[in-house]
Structure formats: C-alpha cells, structure tokens
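For reference, the structure is listed below as structure tokens.
The values are calculated or read from the model by the stated rules, or taken from the named source; none is laboratory data. Because the structure is a prediction, the values reported are computed rather than measured. Methodologically, a virtual Cβ is constructed for each residue, glycine included, from the backbone with ideal geometry; neighbour enumeration extends over all protein chains shown.
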Amino acid sequence: MPIKSQAQRRKFAELLVKGEISPEVYERWNRGAGYKKLPEHVQPKAKSKAKRTTKKTTAARTTKPRGRP
C-alpha cells in the first residue's frame, strides 16, 4: 500500500532514521506514491447518515375539538 500523505511520508522517514524499519520497506512504500504532490493529511471518509425512521403514532385521541361550540 503506498504512502497517501506527506504526514505518512515524514513518519516513515522518521522510522527509517530510528532503525525501526528497513530501507527496503521505506522504498517499497514510497515508490508507490512516486513523485506525486501528496496532501498534508488524508481526509477520513464521510460517514453515511443513518436512515431516518418515523415514529409510529399511537391510537388517535378522542378529545373535544378546539374552537367555538
């Protein structure tokens, strides 16, 4: 899976310098992104809105009509 943002590229470079990943792993991930101009951060996918359900009405109330008799 290629690197998708500048922040990820910096993080992988930091891990490479610390010795936590090998240069081959860094190159494999970085090669997938190529020389593209990457966004600073990847935006999370928008969550789909839950379907709105209507409430069932209870039995109709029998009340006096409002207004003049």
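All but one of (1) modelled with pLDDT of 85 or more; (2) exposed (fewer than 10 other Cβ atoms within 10 Å of the Cβ); (3) of a type in the set (A, V, I, L, M) hold for ALA46; which doesn't?
Status for ALA46: all satisfied but (1).
Among the residues of the range 1-58, write down those that are assigned to a helix (DSSP H, G or I) and of a type in the set (Phe, Trp, Tyr).
Within the range 1-58, PHE12, TYR26, TRP29 qualify.
Restricting attention to the range 1-43, which residues are surrounded by fewer than 11 Cβ atoms within 10 Å (Cβ to Cβ) and polar (S, T, N, Q)?
Correct list: GLN43 only.
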